[in-house]
Structure formats: C-alpha cells, structure tokens
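What follows is a single structure, written as structure tokens, with notes after it.
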C-alpha cells in the first residue's frame, strides 16, 4: 500500500487535503490521510467527522486531544499514540500534563479490571 | 462474593474507608471499595494510588474524570462507566461536555482501527 | 437463542456432553456448552481443544485456570469471569490467591498502558 | 526465539507443514506456523481448527477472510493484519472491498463505544 | 439518562428519526438512536456515516452486518451484539452462517494472541 | 522522548533505580523505568505497587510472571510481552511452560468471544 501524495491525488482528494491544511495551518497532511485517500469516501467522511468533533465546543481542543491520546494509549495503536501525542503537545499539553494523562489512563485500565474481577454490582446511586 | 460493610470491617479496612469518606466528603464508600476490601492490601494500595493520581495537579479533577470515563467506555466496563459518569458529573461535567467526551472517545476508537487497517507508517515528524 | 438440553440433543451433541460430564465429573454441562451446541462442529472442536489445553502438563490445572481467569478479566467477559472464577476455586484457588491473580491482572493492564504511552523501545536484552 | 524451517523440523511438524502446503497450494508455510512449531501440539491443533473453520461452508472463504481481517484490525495485531490482508486479497478482496471492510470495522468500533457511553439498554425486540 | 421518544423530540432529531425509519422501513427507531438523540449533532453525524457505510457497495449489506457483528463480539459490547445479531438475521444471516461468523471471530481472537505471544515477525511477502 | 540514565537522574529517581537494582539484583534498570522517570511520582508509585504485588505471597513469583505475560499478550503490548517473557523465563518458565501459557491465553481469548457471540447467560451456580 502506498500513500497518495498531493501531486498524484484526484480532485476530490485534493479538496480534502486543502481543507485539512487550511484548518490546521500545516504545509502538508500527515500519513494517516495519505493512506486513507485510497478510499476517497472514507477520507472525506472521516475528515468531516473529525473536523466537527475536534472543534472547540463545551470542551477546548487541548482537553479533546488528551482524551484522544488516552483512548489511543488504551487501544495500543502506535500510529495514533505518536500522532495524537504530537497534536496534544501542539495544543498546549505540557510535560507534566502528559505525565498525568498517562497516569490516569494507566490507573483507569487497572481499576476497570479490578471491578471486572471482583464482579462489583452497580450502586443504586449510579443507576440513574 | 459479598461486600464488606463498615460495621463488619477490620480496623485496616475502616481506616481506608474513613479516608475515602473524608477526602470525598461522602457518607459511605461505593461498592467498588466494599468488594476490594476482601483484599485489604489491594484496597489500601488502590486507594492511595487513586488519591494521588486524581488530586489536582497540572490537570484539574474534571479533566481527569473525563479521561477516566473515556478509558472506561473504551474498555466497556459497565461498573466503571456508571461510577465515573457520576464522578465526572459531580466534578462539573455538563450534558454538553458528556456528549463531547463520548463523541471524541467514539471517533478515536474508529480512527485507531483505520490506522491499523491501512497500516499507516509513523511520520518522521512524529518519531521524536 | 435457546440452550440445548441433553434430552433434546442429537447424538453428536450428546457424545460431547457425555465426555464433558465424565472428564469433569459433573452431573450436567454448564450453559456455555448448551448454547454452543447449536453448532455441533464448533461444540466438538472447542471441547476437544479445551480438554487438550487444560489437561495437566508443564503447568498444573490450577495455574491454567488462574491464567484463564486473568485473560477473561482483561477482556471483560462476564460469563467467562463467572465460570472461570468457579473453575479456579474448584481447582484450589484460595481467597488469597484470587486476590493476587486480580491484583497482578490489574497491574499488568496498567503498566501495559504506561509502556504504550511512554512509547518505550524494547531493550536489546529482551530482543532475543 | 527462532522459526523452525522444514529441513530442521521433526516428523510431526513436517506432517503439518505438508498439509498446510498442500491445502493452500503454497511452496512454504508462513512465519506464523514456523514459530508455533516450537510447540508441536499447538501447531497441530491450531492448523486443524483453522482448516476446519476456514473451509467453504455456509460462508465462502472470501467472506471468512474479511471477517478475520476485521477482527485482527480491531485487536491491533500487526502480524495478523498483514497476513490476513494478503489472504483476503488472494481470496478475491478488491481494493474497494478492502476499503469497505475497513470502514465498517472502524464504524463498529465507534458505535460500540457510543452504546457503552450512553449506557443504552437492549430493546425488548433484540432480547430474543 | 432517558431515551428521547419521537413525540418529545425537537425538529432536528425528528428529521433523523424519520430518515432512519424510511431508510430501514421500520415503525420506530431502536434505543441506540433514542439515547444518542441527547446530542443531536452526534445523532445526525453517526446516522449519516452509518447510512453511507452500510449501503450496498463492493460488499452486500449482509456481509457488512456480519463484519459489524464480528467486531461487536470481539469488543464485548452487549447492546451491539444484540442489535447487530438482529440486523444480520434480518439481512439474511442463517443459523449456519451465524455459527460460522462466530467460529471465525473466536479463532481470529485466538491466533491474534498466538502471534503476539510468539512475537512472529512479518514475512517479507506480507510487507508490501 | 528520551530515557533518563542513572548518571543524569535526580536524587528521587536514583533512589527508585537503586531499589529496583537491589531488589532484582540487576546492574541497571530496563527501559520501562528510564522512560517513566520523566514523571518521578509515577515512577515511584508504579515501582512500589509492582514490588508489593509481585513479591512472593499466596502465589509464587513464577506464576505471577506468567499471569503478567498472559495479560500482556492479550492486550498486544510489544514492550510488555518482550520484558515479561524475559522475566518469566528468569523466574523459571521453561519452553514447555511458555507453550502452555500461550495456548491457554489463546484459548481464553477464543472462548471469551464464543460466550459473547452466543450471549450465554450465567448459570445460577456461578452467580454466587
């Protein structure tokens, strides 16, 4: 499988690349998009969803990127960990914040299994 | 397996329950701790770790609870989703914030698999 | 979906049920087998594989059941956690052993994510 | 750990290698089998199970390989993604089919988490 | 959390419900959508993505539903397993097909871990 | 991200490194600790937890290491699989034991999904 570079991309792909570059203010798109471009419908849909979800809303972009990183670390996706570490740092994640995101992620993974192993029933107060 | 209530708990367990109640300002501990209490060493270690990790630091408690929730949703732990939804709301998560945490979590789980499926190599810029 | 009880089972299914009952010295098979029986080929293949894998070998049956439980807890499979907790106890797992299996399982899930998050490269000594 | 090549393999391992080569019409077995061969019982059992499961039945081999790929992508197993991408293509998966398998896999991973996060109760119509 | 019924839904939510009902030819939407409706933007985006992805293309709807089910089973999402079992049956999945989808899913989950445990390097032939 | 070597480590980090080296009787700590050292609080807490959990108790260190390996293989963490394979071998895991740990891990991952797919209800006998 080969990435699709801008120069070789059909118009529909170029339009997505252009929007990514403009929205993120970057000179080129990263590999994720260049590989996804082999399926232009998935490229377009994924970009539009990410653009909508990651825009500032009730949560700021930094918080969203740290949540994205925590999920990627939990799933063990090397590409995603690398790219969202970079994105979170760009959005303002300090070294101390990174340490805390990772510590919380590790702890949640541990207590998720303690709750599974002890077969803890949900408290009535948490049912609502 | 039965939960260990305060009245039936040995001194070492009561000491942990007391600290949880004081730290969180709650009248009783939730089921997670009452089941973990069957192994007092794990109860004590887990509480001390959570207390340290979830304290305000470079990240505020609300952000930490939302990350905890995102991991629990990714792992599909019903008890943890219920208890950390409640904890995040108590820490200030609005309905709109909940919607965005869940949307980011869902999207990250999707793109983690797109990156896996397309076998995307890590960009040199993300290697450092 | 309904379980297939012995009285209603075709001969090929009965033969597997009989072997499970004899091998495990139990009066009836548990639900897992009664549901799998809807696909007799999968029932037979799964039972033969489990019978071979869980037999005493370089590892004793108790150790194997505790590993089975640790994996089921990691994956969050409620049926498997319940049935393999019971199987491990029957094979000799004490309350203290259960506590330690669960503690190790929780810790491994935590450090797996710390290693992911910090993107730790494999030491040359571990490459071989 | 080293792979076991045909020339160095004991008779029991060679017999499995021969059956794989004949069944799949390939000149050599791939690395998965050469590493598994260190435990001849696991090699034999795994091959016999795969041979039975992946044979044409109610589903054709291409559909089975695409399901295998979707699971491997979900679990993030790099070896399995590489080998089952190749196997699915050999069985007839076109570039467009690959795009759709991956898109469905990504979407399912997303909505699995949306259902978890919103704690959606199962509709009575789906209980049966 | 409560589901949002049609009678109580705002216009933007009703429009999505109407499109789901028309597209799928059902009298009411299932719980997944009624819970997602609390975040109308996520409801709309998720439905539009699913509608596009699950439409007939290089793969037929039955194959897509079986892949969706295999992923849901791998992730252990009870709601998703229930709803996509029903959807796959409605699209034509027979009892025998269900047995094979589940058998392939189970086997893939097993060999994914055998490949991990034996640390099998990717064959040069699978690198391309 | 760079590892922190002993010579460059602050006193608090050196104290942990010293305790690891003494407890494990090794000349240097492995990469996991050198990367974690960027967050001294996480380094200290993680080491103290692991030291307590992995000490001989109701289970011997070899059994604990094999459970650790089974979890790491299930999660697909390459660093953890490499380091805990080495640790388990050092604690006495033979080639035959490794084969059985991996076979049980693979089988558990398979039957976890069969139980999910067939939606097997928990037997009353396993409820207690």
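Only the coordinates and a few stated rules stand behind these numbers; no lab work does. Values in this document were obtained by computation on a predicted structure and should not be read as measured data. All Cβ positions, even for glycine, are placed from backbone atoms using ideal geometry, and neighbour counts span all protein chains on display.
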**Asked** Could you give the radius of gyration (one decimal) and Dmax (whole number) of the Cα atoms in chain F, in Å?
**Response** 18.3, 59
**Complete:** Shielding of B:47-57 by other chains, given as the mean Cβ count within 10 Å, works out to 4
**For C:18-30, mean number of other protein chain Cβ atoms within 10 Å** = 1
**Request:** Only helical DSSP H runs with n ≥ 4 go in: add -39500 (n - 2.57) per run for the protein assembly as shown, normalise by residue count and round the 222 nm mean residue ellipticity to 500 deg cm²/dmol.
**Result:** -22000 deg cm²/dmol
**Asked** For the residues E:94, E:49, E:72, what sequence is obtained by ranking on other C-beta atoms within 10 Å, fewest first?
**Response** E:94, E:49, E:72
**Prompt:** Taking the Cα atoms of the stretch A:1-55, what is the range of coordinates along each of the three principal axes, in descending order and whole Å?
**Reply:** 30, 22, 18
**Residue mean of other protein chain beta carbons inside 10 Å, E:84-93** = 2
**Complete:** Of F:115-121, F:22-28, ordering from highest average Cβ density within 10 Å down gives F:115-121, F:22-28
**Message:** Rounded to whole Å, give me the distance from the Cα center of the stretch B:16-54 to that of the stretch E:59-128.
**Reply:** 39
**Request:** Fewest Cβ neighbours within 10 Å first, please rank F:17, D:79 accordingly.
**Result:** F:17, D:79
**Prompt:** Quick one, what does Rg over Rh come out to for the stretch C:57-120 if you take C-alpha atoms and the Kirkwood Rh?
**Reply:** 1.05
**Message:** Between helix B:11-24 and chain B, what is the angle of the helix's C-alpha long axis to the longest principal axis, kept within 0 to 90° and rounded to the nearest 10?
**Reply:** 60
**Request:** Find, to one decimal place in angstroms, the Kirkwood hydrodynamic radius of the protein assembly as shown, where the mean of 1/r is taken over every pair of different Cα atoms and then inverted.
**Result:** 26.6
**Prompt:** Using Cα atoms only, what is the angle between the long axis of helix F:40-54 and the major principal axis of chain F, expressed in degrees (0 to 90) to the nearest 10?
**Reply:** 50
**Item:** Rounded to 10°, Cα long-axis angle of helix B:95-117 versus longest principal axis of chain B
**Value:** 50
